Amino acid sequence: MEIVCVLIVVFSGLSGVFIASRYRERKAFFASLYNFLNYIKSNISFYKTRLEILIDNYDCETKFKNFLISVKNNLSSKVKNILPSYLTNQEKDEFVKFVSSLQNFDVSETIRSIDFYLSLVKNKVNQTGEEAKIKIPLIEKLTLGAGLIVAIILI
Amino acid sequence: MEILSERILSAIENNYNFSNVYEIRLRRDSPVVINYAGRNRFLINNNNQVIASIEDINFTLNVATKNSLYAYSDQIKSGFITIENGIRIGIAGECVTGEDGVVKTIKNVTSLAIRIPHEIDNCAHTALAFILNGGIKSTLIVAPPGAGKTTFLRDIARHIADKTPYNVTIADERMEIASVSGGVATLSVGKTSDIISKTTKDYAFSYGIRSLAPDVLICDELASEKDALSALKCKRSGVKIIATIHGASLDSLKNESWSNFLIKEKCFERIIVLSNKSGPGTYEAIYDENLNLIY
């Protein structure tokens, strides 16, 4: 019985971490995207480097790099299909619109488009930072607490 | 030829030898035309003419610009883009002009003229004997469109860079001579050529002469008074120049004031006239600076 209670507490704790990971991933994603946008803005305005080369040469952590590579490989088809599930539909649409602008505009319009999207992403960085600060500990505590209550009841 | 849609690419591959395809023309809702071994013909597959759709045209443009139109916007304003391996895609559509009247871009593209360069070693073999006779002679290569001027020029550059001690600087304004991509020439122009890409001849000549101290400057398509003045500046600074110009004959150059000016100023010690009569690169005549026929 004690073992079952321990397992319930561990399971509830891990569930909390798993549920809260969505907020961690969103925060990390928008922070990485913000840095990437700044990188491409300076490269495009100065060198007019093609997007695929920018992606190939960009140095970042593996998860975001893999995401960029799959965007690069899906530019001709449906970028929306490869976007992470923790993004809202609106966020996905904004990303798709932005990528489309890179494919279809001249340099000055492209820079304007990057600036606009940068401001959106900057807001998301702040928003997801706040979300993570509040919701992650709350979720983890709630799920752990629920597990403890169940364990106590069982005991 | 990944820039072609699968339908058109397979039609060409099934029926023709790609090494003899010099040009492919896609026109919206019209039969595809290819220039095969110097002759234009409709693309036929399974006894049917292959018709180009707007999807084929858009596919080619997207792949050619690698989904980064901004990287090619300067070229598009001039009505063409040049991609790897020197493939030049001429664009026809609606020009979009700004308030200053300058063309900003082309939209609603309806036609593409895809020119495929071929490297032909020693195609300029005969001409080189006249160009390198007692040092390098400044040379003007005159030919109509599609007669192989650029292929010829590239062979000259390659030969001079690889087999002589002369410093060669190439002003590759339209990226068709060396077609540099990612810092590497995708077309062979010799191991000791210095390449200045994607800028005007005026800038390339000034910067090239000042910084690279060439013995010979090589460029494609003198097309205006400004280009003519750049060529003359080059000559006056003691640097030899080898260039091409559109024209059917020596007489056709005399009809244009700026090209006639170049001839009168004896800017070039050799004038080589080519045609398409027996295929691209057919020699018609070679003249010296006094317009005496020497070949």
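General observations
- Residues in the stretch A:97-108 that are within 8 Å of another protein chain (Cβ to nearest Cβ) and either under 21 Å from the mean Cα position of the chain (by Cα) or part of a helix (DSSP H, G or I) (or both): 4 in all.
- Flag for B:Glu84 being acidic (Asp, Glu) and within 22 Å of the chain's Cα centre (by Cα): yes
- Odd one out for B:Tyr70 among (1) more than 14 Å from every other protein chain (Cβ to nearest Cβ); (2) within 30 Å of B:Val189 (Cα to Cα); (3) surrounded by 14 or more Cβ atoms within 10 Å (Cβ to Cβ); (4) of a type in the set (Ser, Thr, Tyr): (1)
- Between B:Asn133, B:Asn108, the distinction of being assigned by TED's automatic domain parsing to the domain that holds B:Trp258 and surrounded by fewer than 24 Cβ atoms within 10 Å (Cβ to Cβ) belongs to B:Asn133 only.
- All positions within the stretch A:66-89 that are closer than 22 Å to B:Thr65 by Cα and in a loop (DSSP other than H, G, I, E, B): A:Asn74, A:Leu75, A:Ser76, A:Ser77, A:Lys78
- The single condition among (1) polar (S, T, N, Q); (2) touching a helix residue (DSSP H, G or I) at 6+ places or on another chain (Cβ under 7 Å); (3) away from chain A (no Cβ under 14 Å) that B:Thr82 does not meet is (3).
- Whichever residue in the stretch A:128-146 is of a type in the set (D, E, K, R) and touching a residue at least 24 places away in the same chain (Cβ under 8 Å) and, among such residues, is surrounded by the fewest Cβ atoms within 10 Å (Cβ to Cβ): A:Lys141
- Meets criteria (under 15 Å from the mean Cα position of the chain (by Cα) and either under 22 Å from B:Leu262 (Cα atoms) or touching a residue at least 60 places away in the same chain (Cβ under 8 Å) (or both)) for B:Leu140: yes
- Of everything in the stretch A:37-88 that is within 14 Å of chain B (Cβ to nearest Cβ) and aromatic (Phe, Trp, Tyr), the residue that is surrounded by the fewest Cβ atoms within 10 Å (Cβ to Cβ) is A:Phe46.
- Scope the stretch B:28-39; condition in contact (Cβ under 8 Å) with a residue 12 or more places away in the chain and either of a type outside the set (D, E, K, R) or surrounded by fewer than 17 Cβ atoms within 10 Å (Cβ to Cβ) (or both); matching residues: B:Asp29, B:Ser30, B:Pro31, B:Val32, B:Ile34, B:Asn35, B:Tyr36, B:Ala37, B:Gly38
- Annotation note: Cβ proximity below 8 Å between a residue of the stretch B:49-66 that is at the interface with another protein chain (Cβ under 10 Å from one of its Cβ atoms) and a residue that is among the charged types (D, E, K, R) and not in a loop (DSSP other than H, G, I, E, B) (sequence gap 6+ or interchain) occurs for B:Lys66/A:Glu52.
- Among residues of the stretch A:7-65, those that are of a type in the set (Asp, Glu) and in a helix (DSSP H, G or I), counted: 3
The values are calculated or read from the model by the stated rules, or taken from the named source; none is laboratory data. Computed from a prediction, not measured in an experiment: that's the story for all the values here. Virtual Cβ from ideal backbone geometry, glycine too; neighbours counted across all protein chains shown.
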